[in-house]
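Reviewing the structure listed below.
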Amino acid sequence: MQVAEHDAASEVPQRLGGFLERRREQIAQRWADATLFRTVFIVSRGEAVEACEAVVDALAEVARTGRLEDIEATGFAAVREQLGRMSASRARAGSSPSQIAGEVAGLREPVIALLDAEFADPGDEQAHACRLALTVLMGTLRLVVMETAVSAGEELIARQRHQLLEVATPVIRLWDGVVAVPLIGTLDSARSQTVMESLLEAIVDQRARFAILDITGVPTVDSLVAQHLMKTVAAARLMGAECIVSGIRPAIAQTIVQLGIDLGSIITRAGLADALAYALGRQGIVVSPAPAAGAIPR
Amino acid sequence: MTRSPATRPVPVLALGDVLLVTLQGELRDEAAEQLRYDIVRRIGAGPSPVGGVVIDVSGVETVDSFLGRVLAEIAGSARLLATRTVLSGMRPAVAITLVELGLMLPGLVTALDVESALSLLKDTPSQTLPGHPAHPAFTEEGA
């Protein structure tokens with residue numbers, strides 16, 4: 001008797017796998033109408049059915065191996081591929097993770113209905129075991145999709161952080177031998193490092209004698225940021241370029257004084273224009289207004 | 001101590017009234033000491049007066065605290081002998097390392113490359129070269 005029960009227990013996943021393979025078409029047709037698939041494959045229903053079939057195949061494979069609760073089961077690789085992309089596109093469309101989870105959970109109902117139809121008596125022990133196994137399998141599927149969605153989100157954040165670092169620190173050549181970095185937004189250690197490196201590289205590339213650090217767009221300066229600014233200025237000086245800090249806001253100036261940071265060794269100017277004028281003046285360049293300042297006749 | 005190729009003295013070239021020193025690769029401590037001695041001796045006992053010293057470090061990958069101190073000492077000694085020293089061609093990575101170490105080399109005048117160092121020496125009268133601190137000795141500023 002015990003042996004028979006044991007057989008029955010290991011039989012259930014096999015039976016479930018068999019059921020999934022047999023009913024592949026029907027399940028796929030029903031899933032194609034579910035919110036998750038319908039909203040992603042809006043162009044053609046055939047495509048949705050194809051995607052659903054791939055997922056059913058993967059689930060059948062997992063059921064056959066009996067690792068219903070194992071999200072690392074080999075069969076789920078295909079699911080990750082299919083549903084991961086879909087959940088990513090749903091996330092881009094503005095769905096929250098819990099919404100996506102709910103949509104994946106919605107896939108269970110149609111399959112359960114089909115499974116019940118398999119058995120003459122839905123209250124029978126075998127039917128109960130199969131339903132339980134299927135529920136477990138669908139739960140694991142939901143977990144796999146969530147995991148994929150979350151890791152895709154993390155990748156996106158990491159990529160965007162990297163892009164921000166690159167994009168946010170352009171070094172501009174203002175004049176022959178004058179480069180400037182207009183800093184915008186909050187400075188942290190990583191960004192300050194990027195700023196310092198790109199500014200020093202630009203000094204070499206442009207043979208710049210003057211480097212302007214414009215912090216008009218920096219909302220707050222703490223002691224750490226001030227320290228980074230001073231390091232940048234010192235490094236530029238070691239390379240033979242003069243560094244000018246411009247655009248310090250009144251509130252920031254007060255903070256710096258209150259923090260007791262000595263910027264005395266650093267040349268500062270009110271704005272980017274003043275800093276440029278200083279750099280040009282030091283190079284002996286004089287810019288004078290054009291004689292006639294009227295509008296150009298058409 | 002036998003002198004291996006790595007510690008052979010750095011040549012000090014005379015270019016008009018300017019001494020040009022080009023540092024290459026890694027400079028061993030003994031070689032740096034020797035260089036300091038050579039430069040100061042050339043300034044003090046050279047056949048003609050020296051108008052300036054240009055030390056080019058564009059070929060240097062790393063500058064440690066010892067070399068930083070020696071460079072500052074060369075500049076300090078040269079100033080006592082009424083000669084200016086310009087450090088030229090420091091790479092960004094070297095500059096960042098020095099700053100991170102807290103070695104701002106405050107007594108040194110710097111230039112982008114040898115060319116601008118030479119024109120800096122030529123164009124500015126000896127008393128008005130910028131960057132001379134009140135205290136000529138090597139000091140370590142807080143990082």
Self-check item: Alpha-carbon centroids, the stretch A:24-40 and the stretch B:8-25: separation in whole Å
Solution: 79 Å
Practice problem: For the stretch A:200-265 and the stretch B:56-130, compute the distance between their C-alpha centroids and round to whole Å. | Solution: 21 Å
Self-check item: Order of exposure, largest accessible area first, which applies to A:24, A:45 with probe 1.4 Å
Solution: A:45, A:24
Self-check item: Convex hull per residue volume in Å³, alpha carbons only, for the protein assembly as shown
Solution: 288 Å³
Quiz item: Hey, if you put +1 on the Cβ of every Lys and Arg and -1 on every Asp and Glu Cβ in the protein assembly as shown, which of A:126, A:234, A:87 ends up farthest toward the positive end of that dipole?
Solution: A:234
Quiz item: So how strong a dipole does chain A carry about its Cα centre when Lys and Arg Cβ are +1 and Asp and Glu Cβ are -1, to the nearest 20 debye?
Solution: 1840 debye
Quiz item: Taking R0 as 56 Å, what's the FRET efficiency between residue B:64 and residue A:135 from their Cβ-Cβ distance, rounded to 0.05?
Solution: 0.25
Quiz item: Which value in nm describes the separation of the simple spin-label points at residue B:79 and residue A:109, placed 7 Å from the Cα toward the beta carbon?
Solution: 8.4 nm
Quiz item: Are there residues in the stretch B:72-121 whose accessible area shrinks by at least 50 Å² when all protein chains are included rather than the chain by itself, and which are they (probe 1.4 Å, ligands and nucleic acids not counted)?
Solution: B:90, B:92, B:96, B:99, B:100, B:104, B:110, B:112
Quiz item: Counting DSSP beta bridges with both partners in the stretch A:158-298, what percentage is antiparallel, nearest 5?
Solution: 20 percent
Quiz item: Treating the beta-carbon of each Lys and Arg as +1 and of each Asp and Glu as -1, no other charges, what is the dipole magnitude of the stretch A:1-147 about its Cα centre, to the nearest 20 debye?
Solution: 700 debye
Quiz item: At a probe radius of 1.4 Å, what is the per-residue accessible area of residue A:67, in Å² to the nearest 10?
Solution: 100 Å²
Quiz item: For chains B and A, what's the summed buried accessible area, probe 1.4 Å, to the nearest 100 square angstrom?
Solution: 1600 Å²
Practice problem: Taking 7 Å along the Cα-to-C-beta vector as the label spot, tell me the residue A:45-residue A:227 distance in nanometres, rounded to one decimal. | Solution: 6.6 nm
Quiz item: How large is the dipole of the stretch A:172-282 about the Cα centre if only Lys and Arg carry +1 and Asp and Glu carry -1, each at its Cβ, rounded to the nearest 20 debye?
Solution: 180 debye
Quiz item: At a 1.4 Å probe, what is the % contribution of carbon and sulfur to the accessible area of chain A?
Solution: 56 percent
Practice problem: Taking 20 Å² as the minimum loss, tell me which residues in the stretch A:224-242 lose that much accessible area going from the chain by itself to the full protein complex (1.4 Å probe). | Solution: A:227, A:231, A:234, A:235, A:237, A:238, A:239, A:240
Exercise. Hey, can you find the accessible area per residue of the protein assembly as shown for me, probe 1.4 Å, expressed in square angstrom?
Key: 52 Å²
Quiz item: Taking accessible area as the heavy-atom solvent-accessible surface of the protein chains with a 1.4 Å probe, which residues of the stretch A:193-223 lose no less than 50 Å² upon going from the isolated chain to the full protein assembly?
Solution: A:207
Quiz prompt | Share antiparallel - DSSP beta bridges, the protein assembly as shown, percent rounded to 5 | solution = 20 percent
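The values are calculated or read from the model by the stated rules, or taken from the named source; none is laboratory data. Only a predicted model underlies this, so the values are computations on that prediction, with no experimental measurement involved. With ideal geometry, Cβ positions are generated from the backbone for all residues, glycine too; neighbour counts draw on all protein chains shown. Keep in mind that these areas ignore ligands, DNA and RNA; they rest on the heavy atoms of the full protein, side chains included. Shrake-Rupley method; radii C 1.70, N 1.55, O 1.52, S 1.80 Å.
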